[in-house]
Structure formats: structure tokens, C-alpha cells
Amino acid sequence: MIRRLALAGLAVTLFLAGCSGIGNTQPAGRLAFEREESDNSDVYIMNPDGTGLTRLTDDPGWDGTPAWSPDGTQIAFASERLGSPVIMLMNADGSDQRPLTDATYASLMPAWSPDGQQIAFASTRSYEVPMEGGRQLVEAGFEIWVMNADGSNMRRVTGNYEDQSLYPSWSPDGKQLASQEITDEIRIMLQEPVEDAPATNVTASVDGRQWTPAWSPDGRQIVFMNQDLETGVANIWLLDVKSGQATHLSQADSNDGEPAWSPDGKEIVFSSDRDGTQSLYIMSADGQNVRRLTTDDASYSHPAWSGK
């Protein structure tokens, strides 16, 4: 179910795969994702009907966690080509690949702000906090950071000596960030995208471990992966942000994960092992009309759906 990702002793792995048509309706936009084959991972794009599979990166180091810019002209992604993972930026055709962060710390999971001016990401970048008599350097693992889209003006958002934060997702109005917080629990938190703003646990009513939050385009819902504490099986759930009510969307006996919304909010793309191979599926936002999109033997993960 879950693709390796070292996070201070915590490993998470999820896969997505290959290409085939999904019926008469042609979904709009393009999908970007991480494709792993022969122990090598790169960023690819394709149409949401499974056609037009195109490789964008080609490096022996791991490339993954892609994120579209709001205008669809650029893709931010993480890469190990410089050593530790760094945030990279490239044009939507794969050209002009350049780093935004450096390899003295690990950075993953970029997420563009709705106005395209900022990128949130998870990073192990160290930071200082005021202490009595001076300041203390903190090197406590992954936290959420925000930077300008050119890599300048990095600012920390989350921070706690005993916690880690991953998978940032902007609300459509840009006023809040959802992220995964790892403590003695694993849950989804909401806060303003400013340093140490108060955070709210929005999945307190859901039993399990919650991962990979993604805001709906209208800002009313958050879709996420929930892992059962006893079985370890992961399913997709939907949270109503205002009421706090959570709904189980995907089937209970398969590993489903890393959901991402279509630009119109009517569909959700996700990965599942329900047919044996970790494949990419699309379903309606209410969990109905599930269609298998991919059929090859490669492993795909971290889908992102652009409307451009």
C-alpha cells in the first residue's frame, strides 16, 4: 500500500499505475504522478483517460511528489538527484529543471498556493526558537514550510519538538493549510499558513491514522486516507470541514490511498490494490462509479490533477 518514505523511523508507501481508457466521458485536464519501474522513480504526466503517457524526468535518483502550478505551466516536485531530497521546479513539458531548496536538509511534498505565488512543503530544515538567555537550534524532523515560488523567503509554519508534519494542502482561498501531524497519533490538522499559528485537529472523530489531506476545489471538504489501527488497511474518507462529519468512501477490504480531486470537484483519483496490482482509479466524489484507469506493472504514486 505504501511507498517507502523515511520519516524518522516511519515509512509510508503508496502506488499508482499505467494506462487504459475509462469510458465515454473524457475527463478534463492532466494527471502528474510518480512512476516507479525497475527500482527507478520519475515524474510522468498523462491525460485523465489514460492516454498520452509522457516521462518528464529521467534521473537515477528518486523523483516524485509532483504538484501542478495553478496555471498548469509548471510542476514542482521532489528529487534525490543532489543527495537528500530537494524541491525542484520544471516547466510542464519537463524542460528547465532547477532546484528551489538545497540538499543540506530533506524537502518533499510541494503544494502550490491558489494564487501561484507560494509553495508549501515538508522539510527537515533546522530552525531557531527563542529560549531564556538566547536561542536554541531545533532539528526535530519534518515540519511544514512555505516559500515564494522562486525559492526565496522560506518561513516555517508548524513546529514542535515532539511532532512531525507532512503532506501540506492549501485551502482554495489560501487562508488555511491542512497537513498530517505525527505524534502518538497520526491526524489531519488545520491552521493558518503562518509560523506556529493555532492548529485544529479535524479528524478527531475518525478512528485510525489519517494521511494525505486534499481540499476540495470549493473548500467545503477534505478527502484523506485513513489507515485502520488493527488491520493496517487504508481506505479513503471524506470530511465535511464545517460540520466535522466524516464519510467512508472506498471499499474496506482493499488498500486505497493518496486521493486527489478533479479540478471541477466531481471526481477523485486514487490508488488501490483491489485488483492485485497497485493501480490508478477514478471515482465520483460520492464514492460511486469507480473505474480502473491503469493496467501496467509499474508502480505509480502521488497523483496531482491539473485543469489546464
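The values are calculated or read from the model by the stated rules, or taken from the named source; none is laboratory data. Because the structure is predicted, anything quoted here is derived from the model rather than measured. Here the Cβ positions follow ideal geometry from the backbone for every residue, glycine too, while neighbour counts run over all protein chains shown.
Report, by residue number, each residue of segment 50-64 that is surrounded by 19 or more Cβ atoms within 10 Å (Cβ to Cβ) and either under 17 Å from Gln278 (Cα atoms) or of a type in the set (Asp, Glu) (or both). If you could, list the steps in order and put the result at the bottom.
So in segment 50-64, the residues surrounded by 19 or more Cβ atoms within 10 Å (Cβ to Cβ) come out as 50, 56-57, 62-64.
Once the filter is applied, which keeps residues that are surrounded by 19 or more Cβ atoms within 10 Å (Cβ to Cβ) and either under 17 Å from Gln278 (Cα atoms) or of a type in the set (Asp, Glu) (or both), segment 50-64 yields Gly50, Asp63, Gly64.
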Does any residue in segment 141-155 that is more than 14 Å from Ser107 (Cβ to Cβ) and touching a residue at least 60 places away in the same chain (Cβ under 8 Å) come within less than 6 Å, Cβ to Cβ, of a residue that is among the β-branched types (Val, Ile, Thr) and surrounded by 14 or more Cβ atoms within 10 Å (Cβ to Cβ) six or more places away or on a different chain, and which pairs are these?
Ala149/Ile119
Every listed condition ((1) surrounded by fewer than 15 Cβ atoms within 10 Å (Cβ to Cβ); (2) farther than 23 Å from Ala120 by Cβ; (3) not acidic (Asp, Glu)) holds for Ser250 save (1)
Take the residues in segment 253-272 that are surrounded by 17 or more Cβ atoms within 10 Å (Cβ to Cβ) and of a type in the set (D, E, K, R), then tell me which one is nearest to Asp49 (Cα to Cα).
Glu267
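Yes or no: segment 195-203 includes at least one residue that is under 20 Å from Leu166 (Cβ atoms), in contact with a Pro (Cβ under 7 Å, 6 or more places away or on another chain) and at pLDDT 95 or above. Walk me through it before giving the result.
Residues of segment 195-203 under 20 Å from Leu166 (Cβ atoms): 195-203.
Imposing the further condition that a residue be in contact with a Pro (Cβ under 7 Å, 6 or more places away or on another chain) reduces the set to none.
No - not one qualifying residue is present in segment 195-203.
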Which one of Thr203, Thr231 is surrounded by 19 or more Cβ atoms within 10 Å (Cβ to Cβ) and in a loop (DSSP other than H, G, I, E, B)?
Thr203
Residue check, Leu108 against (1) more than 17 Å from Ala197 (Cβ to Cβ); (2) part of a loop (DSSP other than H, G, I, E, B); (3) modelled with pLDDT of 95 or more, all met but one. Which one?
(2)
Filtered residues of segment 265-308 (kept if touching a residue at least 12 places away in the same chain (Cβ under 8 Å) and among the polar types (S, T, N, Q))
Ser271, Ser272, Thr277, Gln278, Ser279, Ser284, Thr294, Thr295, Ser299, Ser301, Ser306
Can you tell me which residue is nearest to Ala106 (Cα to Cα) among those in segment 42-81 that are among the acidic types (Asp, Glu) and part of a strand (DSSP E or B)?
Asp63
Among (1) over 17 Å from the mean Cα position of the chain (by Cα); (2) within 21 Å of Pro66 (Cα to Cα) - the single one Asp273 does not satisfy:
(2)
Failed item, numbered, when Tyr127 is tested on (1) farther than 19 Å from Gln191 by Cα; (2) surrounded by fewer than 16 Cβ atoms within 10 Å (Cβ to Cβ); (3) touching a residue at least 12 places away in the same chain (Cβ under 8 Å); (4) of a type in the set (Ser, Thr, Tyr)
(2)
Residue count for segment 167-199, restricted to those that are part of a loop (DSSP other than H, G, I, E, B) and more than 15 Å from the chain's Cα centre (by Cα):
16
How many of the residues in segment 166-189 are under 17 Å from Trp215 (Cα atoms) and touching a residue at least 24 places away in the same chain (Cβ under 8 Å)?
15
Complete set of residues in segment 82-105 that are among the charged types (D, E, K, R) and assigned to a loop (DSSP other than H, G, I, E, B)
Asp93, Asp96, Asp102
Residue check, Glu128 against (1) at pLDDT 95 or above; (2) in a strand (DSSP E or B), all met but one. Which one?
(1)
Residue check, Met283 against (1) under 19 Å from Asp42 (Cβ atoms); (2) assigned to a strand (DSSP E or B); (3) not basic (Lys, Arg), all met but one. Which one?
(1)
